[in-house]
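Encoded as structure tokens, the structure appears first; notes follow it.
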Amino acid sequence: MEFIQAHLLTIVTFLPVLGAVLVALLPRGEGGQHKGIAFLFSLFTFLLSIPLWTGFRAAPGRYAFEQKSEWAPALGFSYHVGLDGVALLLFLLTALLGPIVVLSSWKYIQERVKVYCISLLLLETAMLGTLAALDLVLFYVFWEAMLIPMYLLIGMWGSERRIYAAVKFFLFTFIGSVLMLLAIFWLWSNSGRKSFDYVDLLNAGMVDASTQRWLFLAFALAFAIKVPIWPLHTWLPDAHTEAPAAGSIILAGVMLKMGTFGFIRYAMPLFPQAALAWAPAVAVLGVIGIVYGSFMCMAQTDLKRLIAYSSVAHLGFVMLGLSALTPEAVSGAVLQMVNHGISTGALFLMIGILYERTHTRDLAAYGGLAGVTPAIAATFLIVTLSSIGLPGTNGFVGEFLVLIGTFTSKVLRGAVPLAVVGATGVILGAVYMLWMYQRVFFGPPRKAAAHGLADLTVREWFTLAPLLIAIVAIGFAPQPLLTAIKEPVDAFVQRVTRAERPVRKAELGR
């Protein structure tokens, strides 16, 4: 029992790999068994992650469930993992979505099931490891390990233009990551400690401002592509449109957050002077993303493409909050990362449910479904209101804190105009989401409803229920999440904002 407690984070992180090995050992043609093993191991991963929440006790400046083992000490490599409050929330979200994704694709995926299940399980470990890593080489290994499974999910089980979308996704994200790798090696060679350990590098002192600028840009480019920030977003609509429903759920639910997580964990704390200097530009790009993404949603006729552009808008709020550098705005940004994963993951799940019945995502083919599938209409409405940010749903709290924190920001020039323009995104979001809902569920029945559709099945209820519960629970009681992230958020804001004055090395470890 003591061994499990001491290594719980590692066990949870690599448990999906064990499931992938078992799936690989089974003969082909056993699709039901492959899915069953994938579901059980992803479910066990989530259940074992619950003690990470109940037992979370992170002292200021420390990480919970921390484990460090020398990997290649001569080269500065170490296996170092741990969680702060920000990583914990995203870790739990990733673990929650794992079994939901497997269950949601149970009926839809019938070809190459073995490779599909292995890809899902390996991708889950890669995402969990990215969040838990506290060594830059370990982080980079997990970061790059996400690419191949997602490439396969899009390229093998996607729609007609799946190869184009998969290659575009891979090239965009890989090219940005190469520059980050070069910056990591520069840090190692110039840190004075020859270490890749994140905590060591954080406490090693700041490099000069001009060097910080280039290192920050190298990290920020990799993360900005993954978010994605406008104008680096062009791979996202194609990837979402062509990916299977499970791929879209993972992509929107978790993988995009790896980019925003990278900003708050690595790019901004490691290079605070550069982050402070670039904050106004990043905030402007975030606001452009909010407005641009919202207007692009209004021009879409494909349901998945519409939700893809809504992600550009919602994650623009996250980048605005991180750039404002107030505790309220950053807390809202972190909460919005989690909320977007829940709400948009649920939206793609609902669209997948509709597609299984109608075999179309064309808005023009829908209409009048509320009378045919009332349960689908009701659950879709809850998720839509969550995406809009209606008070009482999870989406409200994060956006509200981001806007309040931006209004009071002393870092951003023109903070009030940025907040005002950003606030229009809330209104535009209500317009395009309610317009979409009205087109699908009201009006005269169209092609998609011509032959009567089945309502939600028991399996689909099980996939939706955890997300619906989270939408309502966070909407009415967000305080436990805000409490969990308070210490790392305060430390993040303090570290970056105090870069305005010279900082002695002795201060950096405080």
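In terms of the mean number of neighbouring beta-carbon atoms within 10 Å, the peptides 288-295, 308-315 order highest first as 308-315, 288-295.
For the stretch 121-138, backbone phi angles converted through the Karplus equation (6.51, -1.76, 1.60; θ = phi - 60°) give residue-by-residue couplings of 5, 5, 5, 4, 4, 4, 5, 4, x, 4, 6, 8, 5, 10, 10, 5, 5, 4 Hz, Gly and Pro being listed as x. Entry note, the stretch 1-499: relative contact order of 15 percent, from Cα contacts under 8 Å with a spacing of 6+ residues. Ignoring the sites themselves, the chain has its longest run without GluC sites (Glu not before Pro) in a DSSP loop having at most 16 other Cβ atoms within 10 Å at 161-510.
Couplings for the stretch 393-404, taken from phi via the Karplus curve 6.51 cos²θ - 1.76 cosθ + 1.60 with θ = phi - 60°, read 10, 5, x, 6, 5, x, 5, 4, 5, 4, 5, 4 Hz in order; Gly and Pro are left as x.
Note on Y116, Y366, Y108: ascending count of other Cβ atoms within 10 Å places them as Y108, Y366, Y116, the fewest first. Determine the shape class of the stretch 135-261: with a ≥ b ≥ c the square roots of the Cα gyration tensor eigenvalues, call it rounded for a/c under 1.5, and otherwise prolate if a/b is greater than b/c, oblate otherwise. Here the stretch 135-261 falls in the prolate category. In terms of other Cβ atoms within 10 Å, L52, L322 run from fewest to most in the order L52, L322.
Counting other Cβ atoms within 10 Å as a rough exposure proxy, the listed residues C297, C117 run C297, C117 from fewest neighbours to most. For the stretch 231-236, the Karplus equation 6.51 cos²θ - 1.76 cosθ + 1.60, evaluated at θ = phi - 60°, returns couplings of x, 9, 8, 5, 6, 5 Hz by residue, with Gly and Pro reported as x. Report the residues of the stretch 452-473 in range of a label on A378: point 7 Å along Cα→C-beta, backbone N strictly under 19 Å from it. Residues passing the 19 Å test: 453-473. Only helices enter the 222 nm calculation for the chain: every DSSP H run of n ≥ 4 contributes -39,500 (n - 2.57), and dividing by all residues gives -23500 deg cm²/dmol, rounded to 500.
Where a number appears in this text, it was derived from the coordinates with a stated rule and is not lab data. All figures in this text were calculated on a predicted structure; none of them were measured in a lab. With ideal geometry, Cβ positions are generated from the backbone for all residues, glycine too; neighbour counts draw on all protein chains shown.
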